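Visitor: Take a look at this one; I'll ask things after.
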Amino acid sequence: MIDQSPEVYQAGQITADWLERTLAAAGHADAGVVGFSTRAVGTGQAAGCFRILPEYRDPRPDLPRSIITKFPSDDEGSANAAANSGTYLREIQFYRTLRAQLTIRTPRSYLAECNASGARFALLLEDLAPADQGDQIAGCDAEMARLSVLELVGLHAPTWDNPAILDLDFVRYTSLPERAANIMQRIYRAGLPAFVDRCAQALEPEELALLRRAADCDELPSEYPRLATRCLAHNDYRLDNFLFVPENPAETLRVVDWQTYGSGNPMRDVSYFIGGCLLPELRRRIEQDLVREYHDAMCASGVKDYTFAQCWSDYRQAAWHGTMYAMAGMAFVRQTERGDRLFATMAQRHARQILELGADEFLR
């Protein structure tokens, strides 16, 4: 268990001395930080993200020109929800423990500290500018979709049925029976009234009816025990959590926001991305081909006990994962105009995906 209370855990606490000591501990000795500026970046709902622009006494090519830092949200409700659920602590553990064992591309970490309660943390990452954040509402084209789905192989294949990773306490947190029994369904039910009040107009009647039906079930289909745990899943794998240069995503893509990963079925990530980040017209045309190419790549990486028939069935069932995330957003994060549009888009696209795949058959 981490118990390393950070010296700095809000942007207003940053000093040049602290920044110099942090860079020295990360391998940049004698950085000579004489000043800095900060500005908010991104659209994070559960944490505050800032870009630090250091000023050096003697600039050198090895010194970072800018740094991205994440701190607890300045919204008390969002920060408390994230700390109580362990999301801050899990992201720190990812960079301290897991990143080096994976081939999925992520930023380098300069600092990853968190206190035992998970309420105070500091995460400093390499700035990948001019890479910018993706936009789930806008969606992406077929080539970006393919690149994103295949990038998941670098997360799923190294952790496939790997107890050295899956049995770590902070990984198992989201799947322990005493913690997880119907917890996703409780979250779903808690967020649904606010969703209906704020976002119902964005959905067709049959889509909204589907979401209402799910609230009456014992558990969301994406959480059934028979959707077997096989590997590490990001659980919020979408365009808003990517950084890339639009003109060259193949070389520049990096995956961020490792706050909600856990042991789970890989198709949660695949179905969540395809269903939530592609416009429905494009999804209909390419989703089965994308899933098959992903499955082929997993098999080529050494996964031998997962048939395509099982993969496709899991993909359909996992489409429900996106509806839960839309309701969780309603329940736990600060309301913003873009946030409401995002959660409405997420729920609508996944409801349409579920209906077109016939995945409502999994409701019980």
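Visitor: Once label points are set 7 Å from the Cα along Cα→Cβ at both residue 17 and residue 143, what is their separation, rounded to one decimal in nm?
Guide: 5.1
Visitor: While we're here: Under 5 Å between amide H atoms, partner at least 5 residues away or on a different chain: which partners does residue 231 have, H built in plane at 1.01 Å?
Guide: The answer is 161, 264.
Visitor: Compute the FRET efficiency between residue 355 and residue 301 as 1/(1 + (r/R0)^6), taking r as their Cβ-Cβ distance and R0 = 30 Å, and round to the nearest 0.05.
Guide: With R0 = 30 Å, the Cβ-Cβ based efficiency is 0.40.
Visitor: Tell me the mean residue ellipticity at 222 nm calculated for the chain from its helices only (DSSP H runs of n ≥ 4, each -39500 (n - 2.57), averaged over every residue, nearest 500). Mind dumping the intermediate values first?
Guide: On the way: 16 runs with 164 residues, N = 364.
Computed ellipticity for the chain at 222 nm equals -13500 deg cm²/dmol.
Visitor: Another question, then. Plugging the Kirkwood radius over Cα pairs into Stokes-Einstein for the stretch 106-218, at a temperature of 25 °C and a viscosity of 0.890 mPa s, what D comes out in µm²/s? Walk me through the numbers before you get to the answer.
Guide: Numbers: Rh = 18.9 Å.
Roughly 130 µm²/s, to the nearest whole number.
Visitor: So what J values fall out for the stretch 183-198 if you push phi through Karplus, 6.51 cos²θ - 1.76 cosθ + 1.60 with θ = phi - 60°, rounded to Hz, Gly and Pro as x?
Guide: So the Karplus estimates, Gly and Pro as x, are 5, 5, 5, 5, 4, 4, 5, 5, x, 4, x, 5, 4, 4, 5, 9 Hz.
Visitor: A further question on this structure: Across every pair of different alpha-carbon atoms, what Kirkwood hydrodynamic radius in Å does the chain reach?
Guide: After inverting the mean inverse Cα-Cα distance, the result is 21.1 Å.
Visitor: With contacts defined as alpha carbon pairs under 8 Å and 6 or more residues apart, what's the relative contact order of the stretch 177-323 in percent?
Guide: Taking the mean separation of contacting Cα pairs over the length of the stretch 177-323, I get 25 percent.
Visitor: For the chain, find the longest principal axis of its Cα atoms and tell me its angle to the long axis of helix 142-151, 0 to 90°, nearest 10.
Guide: 70
Visitor: Based on the Cβ-Cβ distance of residue 172 and residue 30, what FRET efficiency does E = 1/(1 + (r/R0)^6) give at R0 = 51 Å, to the nearest 0.05?
Guide: 0.75
Visitor: Now for a different question. So who's got an amide H within less than 5 Å of the one on residue 132, skipping anything under 5 residues away but keeping other chains? H placed 1.01 Å off N, in plane.
Guide: Sorted by chain and number, the residues that satisfy this are 244, 245.
Visitor: Still on this structure, please answer the following. Out of every Cα pair in the stretch 11-126, what percent are spaced more than 26 Å from each other?
Guide: The share of Cα pairs beyond 26 Å in the stretch 11-126 comes to 21 percent.
Visitor: Given Cα pairs under 8 Å that are at least 6 residues apart, what percent is the relative contact order of the chain?
Guide: Computed value for the chain: 19 percent relative contact order.
Visitor: Another question, then. Would you mind calculating the gained length between residue 338 and residue 100 on full extension (0.36 nm times residue separation, minus the Cα-Cα distance), in nm to one decimal?
Guide: Answer, rounded to one decimal: 82.3 nm.
Visitor: Where does helix 16-25 land angle-wise versus the long Cα axis of the chain, in degrees 0 to 90, nearest 10?
Guide: In the chain, helix 16-25 runs at an angle near 70 degrees to the longest axis.
Visitor: Where does helix 321-332 land angle-wise versus the long Cα axis of the chain, in degrees 0 to 90, nearest 10?
Guide: Approximately 60 degrees, to the nearest 10.
Visitor: Apply 1/(1 + (r/R0)^6) to the Cβ-Cβ distance of residue 279 and residue 63, taking R0 = 25 Å, and write down the FRET efficiency to the nearest 0.05.
Guide: After rounding, the FRET efficiency stands at 0.05.
Visitor: Next question, about the same structure. Return the sequence-ordered ³J(HN,Hα) values of the stretch 344-350 in whole Hz as given by the Karplus equation 6.51 cos²θ - 1.76 cosθ + 1.60 applied to θ = phi - 60°, using x for Gly and Pro.
Guide: Karplus values, whole Hz, x for Gly and Pro: 5, 4, 4, 5, 5, 5, 6.
Visitor: Ordered by residue, what ³J(HN,Hα) values in Hz, to whole numbers, does the stretch 63-78 give under the Karplus form 6.51 cos²θ - 1.76 cosθ + 1.60, where θ = phi - 60° and Gly and Pro are x?
Guide: Karplus-based 3J(HN,Hα) across the stretch 63-78 equals 7, x, 6, 7, 9, 9, 10, 10, 10, x, 4, 7, 8, 4, x, 5 Hz.
Visitor: Is the shape of the stretch 179-266 best called rounded, prolate or oblate, per the rule: a/c under 1.5 gives rounded, else a/b larger than b/c gives prolate, else oblate, with a ≥ b ≥ c the square roots of the Cα gyration tensor eigenvalues?
Guide: Working: a/c = 2.55, a/b = 1.37, b/c = 1.86.
Oblate.
We did not get these values from a lab; they are worked out from the coordinates using the rules stated. For clarity, every value in this text was computed on a predicted model and none was experimentally measured. Cβ coordinates were reconstructed from backbone atoms using ideal geometry, including for glycine residues, and neighbour counts include every protein chain displayed.
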